[in-house]
Amino acid sequence: MALVTVIEHPLVQHKLTLMRQVNTSTAKFRTLLKEVGMLLAYEVTRDLPLKLTEIQTPLTTMQAPMLAADKKLVLVPIMRAGQGLLDGMLELMPSARVGHIGLYRDPTTHGVVEYYVKLPHDIEQREVLVIDPMLATGNSAIAAVERLKESHPQQIKFICLLAAPEGIAAFHDHHPDVPLYTAAIDQGLDEQAYIIPGMGDAGDRLYGTK
Ligand code: URA
């Protein structure tokens, strides 16, 4: 399980526990997902390069670190639950570009079907953070990253909140070069591919559709 980072920050873990609880309301779940998005963004951008820039303080000039302009980011939520993590990440990184990938599981073939893709035109010069709260079977994540690789971004990272060991293994088989970040690795999947203990359907809990 190389390239898997579990983000164990106490604030992330506390908020994740609140999100897991069945009685957490839709409004609260949405707020927590946004807050966790911010905290995950903070953790996964630790390696962004800095460049010294001359600035003027009220007292003097100095060489101060700023984000190097050559490492630009694209956030790509997998619709629809990925959208919930996006809001918090954008609050921390307002200049990041946003792409979208829409995928659904065909009920007959169980294959992943792409129904929407919109990516920034200059993605080749950017690092992509693919975001989806749940890595269950890994099928959507694998398909999304496959699609993104066709656009040749500089780097891809995959960020989720909860991962099943089955999903991590499948993802790693297909994309051993893509680092994966998660706040927790749960026990496994049930017969309907829900993560156990998990938090239920993240999209339904985010939008109150069930
Ligand atoms: N997607 C979800 O939203 N929840 C799961 O448990 C698995 C996949």
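The values are calculated or read from the model by the stated rules, or taken from the named source; none is laboratory data. Just so we're clear, the structure is a prediction, and the values are computed from it rather than from any experiment. Positions of Cβ are backbone-derived with ideal geometry, glycine not excepted, and every protein chain shown enters the neighbour counts.
The table below gives the values:
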{"item": "Pairs where the first residue, in segment 158-178, is free of Cβ contacts under 8 Å to residues at least 40 places away in the same chain and on the phi < 0 side of the Ramachandran plot and the second is part of a helix (DSSP H, G or I) and more than 15 Å from the ligand (Cβ to nearest atom), C-beta under 9 Å, 6+ apart", "result": "Phe158/Val145; Cys160/Leu40; Phe171/Val145; His174/Val145; His174/Glu146; His175/Val145; His175/Glu146; His175/Lys149"}
{"item": "When residues of segment 68-124 are limited to those that are of a type in the set (Val, Ile, Thr) and either over 23 Å from Phe29 (Cα atoms) or more than 14 Å from the chain's Cα centre (by Cα) (or both), the one surrounded by the fewest Cβ atoms within 10 Å (Cβ to Cβ)", "result": "Thr108"}
{"item": "Pairs with Cβ under 7 Å, 6+ apart, first in segment 127-138 and under 22 Å from Glu150 (Cβ atoms) and within 15 Å of the ligand (Cβ to nearest atom), second part of a loop (DSSP other than H, G, I, E, B) and modelled with pLDDT of 95 or more", "result": "Asp132/Cys160; Leu135/Cys160; Leu135/Ala164"}
{"item": "Search result, residues across segment 172-190 that are outside any helix (DSSP H, G or I), over 24 Å from Gly37 (Cβ atoms) and more than 12 Å from the ligand (Cβ to nearest atom)", "result": "Pro176, Asp177"}
{"item": "Where a residue in segment 191-210 is over 12 Å from Met19 (Cβ atoms) and more than 8 Å from the ligand (Cβ to nearest atom) and its partner, wherever it lies, is of a type outside the set (S, T, N, Q) and part of a helix (DSSP H, G or I), with Cβ under 6 Å and at least six apart", "result": "Lys210/Asp204"}
{"item": "Qualifying residue in segment 57-70 (condition: touching a Pro at 6+ places or on another chain (Cβ under 7 Å) and either part of a loop (DSSP other than H, G, I, E, B) or at negative phi (or both))", "result": "yes"}
